[in-house]
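Each remark here refers to the structure printed beneath this line.
The values are calculated or read from the model by the stated rules, or taken from the named source; none is laboratory data. Since we're looking at a predicted model, the values are computed, not measured. So basically every Cβ, Gly included, is an ideal-geometry build from the backbone, and we count neighbours across all protein chains shown. Surface areas here come from the heavy atoms of the whole protein model, side chains and all, with no ligands, DNA or RNA. Shrake-Rupley method; radii C 1.70, N 1.55, O 1.52, S 1.80 Å.
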Amino acid sequence: MDFTLELDKKQLEKIEQILEEELIELGVQNVILIDLAGNVIVNLDNGKINHDVYSLAALAAGNFGAVSAMANIIGEQEFSLLFHKGETDSIHFSKVSDDLLLITIFSKDVSLGFLRLKVNEANRKIQEML
């Protein structure tokens, strides 16, 4: 399902506002909302990022799909979030809806617990809009 066709400009602006207020202002470096096919819906960053967002989105969707298949193998319906920790930066994936995935890239300066709380708040607000 292509959400870019279903979301109007006002809804996209509201989603951007939610992600800016809940995550970028928290200190997250980059927030990317994608569909499960890897298409970028919203991309926000702190102005210091130079990632290949489109390749990252495609790989993230594939990674999430692979992990979902692993969940099914062990009897889980899905794993609703993923987290990869690096030396300086980490990536957190969270399923917003059946069709949307939120990717946050953050440094070790941001607490994972606080990030998860703010991601949950952002997800709830986006879900209410949909």
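Descriptive notes on the structure:
- Loop-resident trypsin sites (Lys or Arg not before Pro) (DSSP state other than H, G, I, E or B) in segment 1-54 with no more than 10 further Cβ atoms inside 10 Å of their Cβ: LYS48.
- Using only side-chain charges placed at the Cβ, +1 for Lys and Arg and -1 for Asp and Glu, the dipole size of segment 20-130 relative to its Cα centre rounds to 220 debye.
- Cβ-derived FRET efficiency at R0 41 Å, GLU6 paired with LEU112, nearest 0.05: 0.80
- Residues of segment 1-76: accessible area per residue with a 1.4 Å probe, Å²: 57
- Calculated over the chain: convex hull of Cα atoms, volume per residue (Å³): 109
- Counting protein heavy atoms only, the chain has 49 percent of its accessible area on carbon and sulfur, 1.4 angstrom probe.
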